[in-house]
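Have a look at the structure below before the remarks.
The values are calculated or read from the model by the stated rules, or taken from the named source; none is laboratory data. Fair warning: this is a prediction, and the values are worked out from it, not measured in the lab. A quick note on method: Cβ atoms are made from the backbone with ideal geometry, for glycine too, and the neighbour counts reach across all protein chains shown.
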Amino acid sequence: MATLTKAGSFELGNLTVKRLGYGAMQLAGPGVFGPPKDRAEAIAVLREAVESGVDHIDTSDFYGPHVTNQIIREALHPYADDLVIVTKVGAVRGDDGSWNPAFSKEALIRAVHDNLTNLGLDALDVVNLRAMFDVHGPVEGDLEEPLTVLAELQQQGLVKHIGLSNVTARQVADGRKITEIVCVQNQYNLAHRSDDALIEELATEGTAYVPFFPLGGFSPLQSSTLSDVAGRLDLTPMQVALAWLLKRSPNILLIPGTSSRIHLRQNLAVADVDLPADAMAELDGIGSAG
Ligand SMILES: NC(=O)c1ccc[n+]([C@@H]2O[C@H](COP(=O)([O-])OP(=O)(O)OC[C@H]3O[C@@H](n4cnc5c(N)ncnc54)[C@H](OP(=O)(O)O)[C@@H]3O)[C@@H](O)[C@H]2O)c1
C-alpha cells in the first residue's frame with residue numbers, strides 16, 4: 001500500500017491534509033451528470049482512498065448534481081476525524097447538464113445548505129467560491145458580493161474555511177481583504193501552465209494551490225516526452241504527470257479524479273516517486289506559461 005505521508009502534508013487554515021488527495025468529480029455519471037454507471041465501484045473507490053490514507057476529498061454539490069456528495073456520504077459517513085472535505089459553490093446545473101453561474105445571495109446560501117445536507121455535516125471544512133465569469137478559465141471580475149456572503153456563512157459557523165477557484169491573482173488579493181483565502185483551485189498541469197507565477201506567489205504566502213485537471217481532465221495528457229520519461233522510470237504517464245506536480249512546488253495539493261480503484265492505486269503510489277532532476281527538466285519543456 002502507498003505510504004501517502006511520504007509526499008508530505010500542508011495546512012488548509014487550521015486543518016492539515018496530506019499532499020496527495022482525491023477528486024470526486026469522476027464519481028457522477030457521464031458529463032458529471034446523473035448517477036454513475038457503477039455505484040458500487042464509486043463507493044469502493046472512496047472507501048479504498050480513505051483506507052489508504054487519503055484525508056482530503058474534493059467535491060461539489062453540483063457534481064451530479066447532488067449525486068457525488070450523496071455517494072460520499074453513503075460511503076464514508078460518519079467521517080473520520082481527520083478527513084477534510086472541500087466543496088465548491090457558485091454554479092448550478094441546467095436540466096441539459098449545462099454549468100450555469102449561481103452567485104446571488106440566495107443561491108449561495110442554498111448551495112451551502114445543499115452541501116451540508118447531502119454530505120451530512122453541520123459545518124463544511126472548506127468551501128471554494130468558483131468564479132464563473134468564464135466557465136473555462138479565470139477572467140477579471142468582482143467577487144466582493146458573493147465572497148462577503150460566504151464570509152457571513154463562515155461567521156455563522158456553517159463554513160470553516162474559504163478558498164477560491166478559477167480566479168486571477170488580482171481576485172485572490174482582493175478576496176484576502178474580505179476573508180482568509182486558504183486555497184486556490186485552478187486548472188493547471190504539465191501542459192497548461194498559465195498559473196506558474198501565481199503558484200510561486202501563493203507558495204511564498206503559505207497558501208495551498210490545488211490544480212484541477214491535473215491529468216488533463218476530459219482530455220487526458222498526451223505527450224511523447226511524458227511517455228518517454230514514464231517508460232524510462234517504469235511508471236505510467238499519468239503517474240509521472242502527478243509526480244511532476246508534487247515536485248513542482250510544495251504548496252501544490254493533488255486531487256486526481258478517478259472512478260476506478262486500479263487508477264486510484266496508481267495515483268496514490270506516486271507518493272513514493274521522487275522524479276530525478278533531469279526528468280523534471282525534460283518535463284518542464286512540455287508546457288509553456290500563458
Ligand atoms: N474547481 C473546478 O472548476 C474544477 C473543475 C474540474 C475538476 N475539479 C476537481 O478536480 C478534480 C480532478 O480533476 P478531474 O477529475 O476532472 O480530472 P483529472 O484528475 O485531470 O483526470 C481525470 C481523468 O483521468 C482518468 N484517470 C485518473 N487516474 C488515471 C490513471 N492512473 N491512469 C489513467 N487515467 C486516469 C480518469 O478516468 P477514470 O475514471 O477511468 O480513472 C478521468 O478520465 C475533480 O475530481 C474535481 O474534484 C474542479
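Observations, loosely collected:
- Tally, over the range 211-266, of residues that are near the ligand (Cβ under 6 Å from one of its atoms), under 16 Å from the mean Cα position of the chain (by Cα) and part of a loop (DSSP other than H, G, I, E, B): 9
- Pairs meeting the criteria (first residue in the range 24-39 and polar (S, T, N, Q), second residue buried (at least 16 other Cβ atoms within 10 Å of the Cβ), beta carbons under 7 Å, at least 6 apart or on different chains) are GLN26/GLY257; GLN26/THR258; GLN26/SER259.
- Qualifying residue in the range 54-64 (condition: crowded, with 22+ Cβ neighbours inside 10 Å, over 20 Å from ASN118 (Cα atoms) and within 14 Å of the ligand (Cβ to nearest atom)): yes
- Residues satisfying the stated conditions in the range 53-109, i.e. among the basic types (Lys, Arg) and either more than 14 Å from ALA123 (Cα to Cα) or assigned to a helix (DSSP H, G or I) (or both): ARG73, ARG93, LYS105
- Among the residues making up the range 141-182, those that are of a type in the set (Lys, Arg) and surrounded by fewer than 15 Cβ atoms within 10 Å (Cβ to Cβ) are ARG170, ARG176, LYS177.
Yes or no, residue by residue, for (1) under 16 Å from the mean Cα position of the chain (by Cα); (2) modelled with pLDDT of 95 or more; (3) under 22 Å from ARG73 (Cα atoms):
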site: ALA2; (1), (2), (3): no, no, no
site: SER9; (1), (2), (3): yes, yes, no
site: LEU15; (1), (2), (3): yes, yes, yes
site: GLY23; (1), (2), (3): yes, yes, yes
site: PHE33; (1), (2), (3): no, yes, yes
site: ALA40; (1), (2), (3): no, yes, yes
site: VAL45; (1), (2), (3): no, yes, yes
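- Scanning the range 98-155 for residues being of a type in the set (Lys, Arg) and in contact with a strand residue (DSSP E or B) (Cβ under 7 Å, 6 or more places away or on another chain) gives a total of 1.
- Exclusive hit being closer than 26 Å to GLU201 by Cβ and either among the acidic types (Asp, Glu) or within 8 Å of the ligand (Cβ to nearest atom) (or both), set ASP278, ASP284, ASP272: ASP284
- Single residue of LEU254, LEU198 found to be in contact (Cβ under 8 Å) with a residue 40 or more places away in the chain and either buried (at least 17 other Cβ atoms within 10 Å of the Cβ) or touching a His at 6+ places or on another chain (Cβ under 9 Å) (or both): LEU254
- The residue list SER98, SER104, SER165 contains one member that is of a type in the set (S, T, N, Q) and under 19 Å from the mean Cα position of the chain (by Cα), which is SER165.
- Screening the range 4-40 for residues that are surrounded by 14 or more Cβ atoms within 10 Å (Cβ to Cβ) and assigned to a helix (DSSP H, G or I) and picking the one that is farthest from the ligand (Cβ to nearest atom) gives LYS6.
- Subset of the range 129-141 [more than 17 Å from ASN115 (Cα to Cα) and touching a helix residue (DSSP H, G or I) at 6+ places or on another chain (Cβ under 8 Å)]: ALA131, PRO138, GLU140, GLY141
- Residue ID - farthest from the ligand (Cβ to nearest atom), chosen from residues in the range 148-176 that are under 15 Å from ILE252 (Cα atoms) and out of contact with any helix residue (DSSP H, G or I) (no Cβ under 6 Å at 6 or more places or on another chain): GLY163
- For the range 41-51, a residue qualifies if it is closer than 12 Å to THR68 by Cβ, touching a residue at least 40 places away in the same chain (Cβ under 8 Å) and surrounded by fewer than 20 Cβ atoms within 10 Å (Cβ to Cβ), but none of them does.
- Residues in the range 177-195 that are within 11 Å of the ligand (Cβ to nearest atom), in contact with a His (Cβ under 9 Å, 6 or more places away or on another chain) and not polar (S, T, N, Q): CYS183 alone.
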